[in-house]
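Engineer: Below is the structure I would like to discuss, written out as structure tokens.
The values are calculated or read from the model by the stated rules, or taken from the named source; none is laboratory data. Quantities reported herein were computed from a predicted structural model and do not represent experimental measurements. Every residue, glycine among them, receives a Cβ derived from its backbone with ideal geometry; neighbour counts consider all protein chains shown. Calculation scope for accessible area: heavy atoms of the full protein, side chains included, ligands and nucleic acids excluded. Shrake-Rupley method; radii C 1.70, N 1.55, O 1.52, S 1.80 Å.
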Amino acid sequence: DLGRKVADFEEVGPLRKDKVVGIFYWTWHNPSFKDMGAINNTEFAKLHPEAKYDYYNPVWPTATTNYYWNEPLFGYYLGTDYWVARKHAEMLANAGVDALFFDVTNESKTWKASTDVLFKALRDARAEGINAPKIAYMTPFASDNKLSKNNITRIYMNTYMDGNWSDLWFYWEGKPVIM
């Protein structure tokens, strides 16, 4: 709708071995959000064009909810749905994605219930010969570092300490990545 064009092969050339493709992957679609419902912003804007650029318009929901640009391919799924996580692993591998960066910048939540399911799906895909992406985290960039410290500690305890998921860690210059 915006007239944007994605670069094609003629413009970017063949796959280059010296490049790494990473994407942000949100793991917060977990059971704690299930009862909040979902707001499809595209549909909401069609129904309420007067609110599209007015954050304070009273038609916007006041209760905490999940906002989406549109309905996801697999519906408004939960991050604890193994089938969706496994399908994502396959689709991301087919797209040539090397690393998933989990956005854990809000508060001090790391969405362990969702990442446990995703990690199992990624590992299972790799066991089947699929080059599923590796994992990394992006924590808050807080001025006092309190949120970052809390998140990094939680990430370390849940993902790195026992080495259980070490086959999935995304390494840069020999070290697992946490931003």
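Engineer: Filter region 129-159 down to the residues that are at pLDDT 95 or above and either of a type in the set (Asp, Glu) or not in a strand (DSSP E or B) (or both), then identify the one that is most open to solvent (accessible area, probe 1.4 Å).
Structural biologist: 131
Engineer: Further question on the same structure: Tell me which residues, restricted to region 122-179, are under 16 Å from residue 100 (Cβ atoms) and among the hydroxyl-bearing types (Ser, Thr, Tyr).
Structural biologist: Hits for region 122-179 are 137, 139, 159, 160, 166, 171.
Engineer: Across region 160-177, which residue is nearest to the chain's Cα centre (by Cα) among those that are open to solvent by 60 Å² or more (accessible area, probe 1.4 Å) and closer than 20 Å to residue 117 by Cα?
Structural biologist: Taking the candidates together, the pick is 167.
Engineer: Could you tell me how many of the residues in region 103-155 are aliphatic (A, V, I, L, M) and touching a residue at least 40 places away in the same chain (Cβ under 8 Å)?
Structural biologist: 10
Engineer: Tell me, please, whether a residue that is out of contact with any Phe, Trp or Tyr (no Cβ under 7 Å at 6 or more places or on another chain) and at positive phi can be found in region 44-63.
Structural biologist: Checked region 44-63: no residue is out of contact with any Phe, Trp or Tyr (no Cβ under 7 Å at 6 or more places or on another chain) and at positive phi.
Engineer: Then there's this: Which members of region 98-110 meet the condition of being open to solvent by less than 10 Å² (accessible area, probe 1.4 Å) and either at pLDDT 95 or above or on the phi > 0 side of the Ramachandran plot (or both)?
Structural biologist: Within region 98-110, 99, 100 meet the criteria.
Engineer: Could you list all residues from region 55-70 that are surrounded by 11 or more Cβ atoms within 10 Å (Cβ to Cβ), in a loop (DSSP other than H, G, I, E, B) and at pLDDT below 90?
Structural biologist: Within region 55-70, 60, 61, 65 qualify.
Engineer: From 23, 39, grab the single residue that is within 19 Å of residue 125 (Cα to Cα), among the hydrophobic types (A, V, I, L, M, F, W, C) and touching a strand residue (DSSP E or B) at 6+ places or on another chain (Cβ under 9 Å).
Structural biologist: Exactly one of 23, 39 is within 19 Å of residue 125 (Cα to Cα), among the hydrophobic types (A, V, I, L, M, F, W, C) and touching a strand residue (DSSP E or B) at 6+ places or on another chain (Cβ under 9 Å), namely 23.
Engineer: A follow-up question, please. Consider residue 113 carefully, then state whether it is open to solvent by less than 30 Å² (accessible area, probe 1.4 Å), more than 17 Å from residue 87 (Cβ to Cβ) and in contact with a Pro (Cβ under 8 Å, 6 or more places away or on another chain).
Structural biologist: no
Engineer: A follow-up question, please. Quickly run through region 72-97 and pick out the residues that are open to solvent by less than 50 Å² (accessible area, probe 1.4 Å) and either over 19 Å from residue 30 (Cβ atoms) or part of a helix (DSSP H, G or I) (or both).
Structural biologist: Correct list: 84, 85, 86, 88, 89, 92, 93, 96, 97.
Engineer: Can you pull out the residues in region 8-50 that are at pLDDT below 90, open to solvent by 50 Å² or more (accessible area, probe 1.4 Å) and of a type in the set (A, V, I, L, M)?
Structural biologist: Hits for region 8-50 are 12, 15, 36.
Engineer: Please count how many residues of region 116-134 are among the acidic types (Asp, Glu) and over 20 Å from residue 160 (Cβ atoms).
Structural biologist: Of the residues in region 116-134, 2 are among the acidic types (Asp, Glu) and over 20 Å from residue 160 (Cβ atoms).
Engineer: Now for a separate question. Output the qualifying pairs, or none if there are none: Cβ atoms under 7 angstrom, residues six or more apart or on different chains, first residue in region 63-90 and without any contact (Cβ under 8 Å) to a residue 12 or more places away in the chain, second residue hydrophobic (A, V, I, L, M, F, W, C).
Structural biologist: 84/74
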